[in-house]
Amino acid sequence: MKYLLLKHYRGGPQPHHSYPPMDRWTPEEVDAHIGFMRDFAARLEGTGEYVDGQALAPDGAFVRYDGEGRAPVVDGPFAETKDLIAGWMIIDVESWDRAVELAGELSAAPGPGGEPIHEWLEVRPFLTAPPTISE
Amino acid sequence: MNDALLRELVPAVIAVLVRRGANFASAEDAVQEALVSALASWPEDPPRDPKGWLITAAWRKVLDEIRAGSSRRARELAVHAEPPSGPVQDADDTLQLYFLCAHPSLPPASAVALTLRAVGGLTTEQIAAAYLVPEATMAQRISRAKRRIAGQPLDRAGDLGTVLRVLYLLFNEGYGGDVDLAAEAIRITRQLAALADEPEVSGLLALMLLHHARRASRTGPGGRLVPLGEQDRATWDTALIAEGVGLLQAALARDRLGQYQAQAAIAALHADAPAAEETDWVQIVEWYDELVRLADSPVVRLNRAVAVGEADGPRAGLAAIAELDPGVPRYAAVAAHLHERAGDLTRAADLYAEAARTAASAPERDHCVRQAARVRQLGAASRRSARDPSG
């Protein structure tokens, strides 16, 4: 079963604790954080559970159709939008429980002082293809 | 015969099929099919005449396709039974393929994909893997590109500049994925250099070799980006540098300067410096002036400002970027570097943080975050020592 682990720049439940943005950490803390993320992905490749991971730039926009022959409406980018996705990891695992376990581990990435940042990650199951045998 | 040698035969085989009367699109498809069979069967059962094998196998596929549909037959031109052939014509025909694949009517991504397949002899599967897209998507991109250039005559000299631009693009995105696109770009440009004796082709090849020579030093542990000034120059590939410099000198001696020779000259000056501090920035600025004259762009001017900052000091560099649009990619990172060197650490850290937000790649973003963190730490330390001069 595939799950999407969504990382947000902003949004989600009340943060466990507040911490400064990464550019205010020490270089060693930045390295430790990035190294943790990389090692996590490498370990999941090793267990055969890793599918994909991508990071997104913060600036984007909302776009919608505006009728025949008209250019689409573009709204944004929004500097203060409440919910902003930072990137994702897709994993293919045995169960929901395993997905939650891994998301919990990923959320323990170190921050200032080497302490886990307790970041909220959103876990969403993929909808699958319908089964071949349906009755 | 290894895969690389096999791939080198592809453009010449396509050219033979086209000369026998097949159109480019079906010849290219047929050779791709023959190539895939060759990759599967040759390791076990290598042919005595690899090129002959490919021509025969691909030609059979062209004929099969013609027989398969009478509607198609109308579109196929008369098929010559005895094609004229000769090495000179072979070379000219192969060169035409380069022009066709880099045709100005093609979007750059399509031109690159088509070049990799028809000139580079890569399979669709390999090209898809290199660009991290599904194979079916890449197959469609290539066939749409071929439809777009259908009917373009193969016997007309094209613009070498468009070919070089496509190869430059291919090289520039070359460090990632399972297929080494930078190495493929070098291989294809070498092939081109053997067909077209032009200083700019040599210039582009030299530029590629000089950058490729530094490749091992460009990334540190965990894929982190190492800027030129901090690279371990002992790991630079001296053989590639020597080859690149030799090609460049021969090209420059012909006195027909172009943008790739100018870029290669800048790369050669970096390669020539035993340590970052020994870089001849004054001469590099002069080459950037040539580059602005030959191929002006905001990116070139931004890079020139970096060189000016090194040659004449950070204030001069800041004055040079003041004339540029801050929307140019990497503007914030360059500004941050110059402000740091000018001693304005707070401004530098904020600009590095901004550069991280606007970075186009993850390694670049991580690098800028690290720089911001480093400069903020420096700033905090200097504020502490200002408060307590004894400590």
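The values are calculated or read from the model by the stated rules, or taken from the named source; none is laboratory data. All of these numbers come straight from a predicted model, not from anything done at the bench. Reconstructed Cβ throughout: ideal geometry from the backbone, glycine too, with neighbour counts over all protein chains shown.
Given B:GLY222, B:GLY203, which one is out of contact with any Cys (no Cβ under 6 Å at 6 or more places or on another chain), surrounded by fewer than 24 Cβ atoms within 10 Å (Cβ to Cβ) and not in a loop (DSSP other than H, G, I, E, B)?
Values: B:GLY203 fails: surrounded by fewer than 24 Cβ atoms within 10 Å (Cβ to Cβ).
After applying the criteria, what remains is B:GLY222.
Inspect region B:247-260 for any residue being part of a helix (DSSP H, G or I), on the phi > 0 side of the Ramachandran plot and either surrounded by fewer than 23 Cβ atoms within 10 Å (Cβ to Cβ) or not hydroxyl-bearing (Ser, Thr, Tyr) (or both) and give the result as yes or no. It would help to see each step written out before you state the result.
So in region B:247-260, the residues part of a helix (DSSP H, G or I) come out as B:247-252, B:259-260.
Then drop every residue that is not on the phi > 0 side of the Ramachandran plot, which leaves none.
No - not one qualifying residue is present in region B:247-260.
Is it true that B:GLY174 is within 21 Å of B:GLN259 (Cα to Cα), under 14 Å from the mean Cα position of the chain (by Cα), small (Gly, Ala, Ser) and modelled with pLDDT of 90 or more?
no
Residues in region B:337-349: is at least one at positive phi and not basic (Lys, Arg)? Spell out the reasoning first.
Step one: of region B:337-349, the residues at positive phi are B:343.
Keeping just the survivors that are not basic (Lys, Arg) gives B:343.
For region B:337-349, residues at positive phi and not basic (Lys, Arg): present.
Mind listing whichever residues of region A:60-85 are under 24 Å from A:TRP120 (Cα atoms) and either of a type in the set (Gly, Ala, Ser) or in contact with a Ser or Thr (Cβ under 6 Å, 6 or more places away or on another chain) (or both)?
A:GLY60, A:ALA61, A:ALA79
Please go through region B:118-160 and give me each residue that is aliphatic (A, V, I, L, M), part of a loop (DSSP other than H, G, I, E, B) and loosely packed, with under 13 Cβ neighbours inside 10 Å, ordered by number. First the steps, then the outcome.
We begin by selecting, within region B:118-160, every residue aliphatic (A, V, I, L, M); these are B:118-119, B:122, B:127-130, B:132-133, B:136, B:138-139, B:142, B:145, B:149-150, B:154, B:157, B:160.
When the remaining residues are screened for being part of a loop (DSSP other than H, G, I, E, B), the result is B:122, B:132-133, B:149-150, B:154, B:157.
Residues satisfying the conditions are B:LEU132, B:ALA150, B:ALA157.
Spot the failing condition for B:ASP289; the list is (1) within 14 Å of another protein chain (Cβ to nearest Cβ); (2) modelled with pLDDT of 95 or more, and only one is missed.
Against the list (1) within 14 Å of another protein chain (Cβ to nearest Cβ); (2) modelled with pLDDT of 95 or more, B:ASP289 comes up short only on (1).
Taking the condition farther than 24 Å from B:ASN172 by Cα, assigned to a helix (DSSP H, G or I) and either of a type in the set (Lys, Arg) or touching a His at 6+ places or on another chain (Cβ under 9 Å) (or both), does B:ARG384 pass?
Numbers: farther than 24 Å from B:ASN172 by Cα: yes; assigned to a helix (DSSP H, G or I): yes; either of a type in the set (Lys, Arg) or touching a His at 6+ places or on another chain (Cβ under 9 Å) (or both): yes.
For B:ARG384, the condition - farther than 24 Å from B:ASN172 by Cα, assigned to a helix (DSSP H, G or I) and either of a type in the set (Lys, Arg) or touching a His at 6+ places or on another chain (Cβ under 9 Å) (or both) - is met.
Would you mind finding the one in B:LYS61, B:LYS51 that is within 25 Å of B:GLU184 (Cα to Cα), among the basic types (Lys, Arg) and modelled with pLDDT under 95?
On the way: B:LYS61 fails: within 25 Å of B:GLU184 (Cα to Cα).
Matching residue, one of B:LYS61, B:LYS51: B:LYS51.
As an exercise: evaluate B:GLY52 against (1) within 28 Å of the chain's Cα centre (by Cα); (2) surrounded by fewer than 15 Cβ atoms within 10 Å (Cβ to Cβ); (3) under 18 Å from B:THR94 (Cβ atoms) and give the number of the one condition it does not meet.
Failing condition for B:GLY52: (1).
Taking A:GLY87 as meeting all but one of (1) on the phi > 0 side of the Ramachandran plot; (2) within 14 Å of chain B (Cβ to nearest Cβ); (3) surrounded by fewer than 14 Cβ atoms within 10 Å (Cβ to Cβ), write down the number of the exception.
The number of the failed condition is (3).
Tell me yes or no: at least one residue of region B:284-293 is of a type in the set (Ser, Thr, Tyr), assigned to a loop (DSSP other than H, G, I, E, B) and under 24 Å from B:SER202 (Cα atoms).
In the first step, residues of region B:284-293 are kept if they are of a type in the set (Ser, Thr, Tyr); the result is B:288.
Right, trim to assigned to a loop (DSSP other than H, G, I, E, B) and you get none.
Looking for residues that are of a type in the set (Ser, Thr, Tyr), assigned to a loop (DSSP other than H, G, I, E, B) and under 24 Å from B:SER202 (Cα atoms), one finds none in region B:284-293, hence no.
Okay, residues lined up against (1) within 24 Å of A:PRO21 (Cβ to Cβ); (2) in a loop (DSSP other than H, G, I, E, B); (3) out of contact with any strand residue (DSSP E or B) (no Cβ under 6 Å at 6 or more places or on another chain):
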{"residue": "A:LYS82", "(1), (2), (3)": "yes, yes, yes"}
{"residue": "A:GLU101", "(1), (2), (3)": "no, no, yes"}
{"residue": "A:ALA108", "(1), (2), (3)": "yes, yes, no"}
{"residue": "A:GLU122", "(1), (2), (3)": "yes, no, no"}
{"residue": "A:LEU127", "(1), (2), (3)": "no, yes, yes"}
{"residue": "A:SER134", "(1), (2), (3)": "no, yes, yes"}
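Hey, can you tell me all the residues within region B:337-391 that are buried (at least 22 other Cβ atoms within 10 Å of the Cβ), more than 23 Å from B:PRO221 (Cβ to Cβ) and away from chain A (no Cβ under 13 Å)?
B:LEU338, B:HIS339
Identify, please: which residue in region A:30-46 is more than 10 Å from chain B (Cβ to nearest Cβ) and not aliphatic (A, V, I, L, M) and is, among those, surrounded by the fewest Cβ atoms within 10 Å (Cβ to Cβ)?
To start, the set of residues in region A:30-46 that are more than 10 Å from chain B (Cβ to nearest Cβ) comprises A:32, A:36, A:40-41, A:43-46.
Then keep just the ones that are not aliphatic (A, V, I, L, M); that gives A:36, A:40, A:43, A:45-46.
Values: A:PHE36: 18, A:PHE40: 18, A:ARG43: 13, A:GLU45: 11, A:GLY46: 9.
Taking the candidates together, the pick is A:GLY46.
Taking the conditions exactly as written (over 20 Å from B:PRO363 (Cβ atoms) and not aliphatic (A, V, I, L, M)), does A:THR47 satisfy them or not?
Yes: the conditions hold for A:THR47.
What's the number of the only condition in (1) surrounded by 16 or more Cβ atoms within 10 Å (Cβ to Cβ); (2) within 14 Å of chain A (Cβ to nearest Cβ) that B:ALA213 fails to meet?
In the conditions (1) surrounded by 16 or more Cβ atoms within 10 Å (Cβ to Cβ); (2) within 14 Å of chain A (Cβ to nearest Cβ), B:ALA213 misses (2) alone.
May I ask you to verify whether B:VAL308 is within 29 Å of B:ASP280 (Cβ to Cβ), away from every other protein chain (no Cβ under 14 Å) and in a helix (DSSP H, G or I)?
Values: within 29 Å of B:ASP280 (Cβ to Cβ): yes; away from every other protein chain (no Cβ under 14 Å): yes; in a helix (DSSP H, G or I): yes.
Answer is yes for this residue.
Condition first: outside any helix (DSSP H, G or I) and either in contact with a Phe, Trp or Tyr (Cβ under 8 Å, 6 or more places away or on another chain) or in contact (Cβ under 8 Å) with a residue 60 or more places away in the chain (or both). Now tell me which residues in region A:14-25 satisfy that. Working first, answer last.
Of region A:14-25, the ones outside any helix (DSSP H, G or I) are A:14-21, A:25.
Those that are outside any helix (DSSP H, G or I) and either in contact with a Phe, Trp or Tyr (Cβ under 8 Å, 6 or more places away or on another chain) or in contact (Cβ under 8 Å) with a residue 60 or more places away in the chain (or both): A:PRO15, A:HIS16, A:HIS17, A:TYR19, A:PRO20, A:TRP25.
Within region A:30-56, how many residues turn out to be of a type outside the set (A, V, I, L, M, F, W, C) and not in a helix (DSSP H, G or I)? Show your work before the answer.
Let us first name the residues in region A:30-56 that are of a type outside the set (A, V, I, L, M, F, W, C), namely A:31, A:33, A:35, A:38-39, A:43, A:45-50, A:52-54.
Right, trim to not in a helix (DSSP H, G or I) and you get A:47-50, A:52-54.
Result for region A:30-56: 7.
Per-residue answers, yes or no, for (1) within 16 Å of the chain's Cα centre (by Cα); (2) under 25 Å from B:LEU6 (Cβ atoms):
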residue: B:TYR98; (1), (2): yes, yes
residue: B:PRO107; (1), (2): yes, no
residue: B:THR123; (1), (2): no, yes
residue: B:ARG148; (1), (2): no, no
residue: B:GLN152; (1), (2): no, no
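Out of all the residues in region A:50-80, which are of a type outside the set (A, V, I, L, M, F, W, C), under 16 Å from the mean Cα position of the chain (by Cα) and away from chain B (no Cβ under 11 Å)?
Within region A:50-80, A:TYR50 is the sole residue that qualifies.
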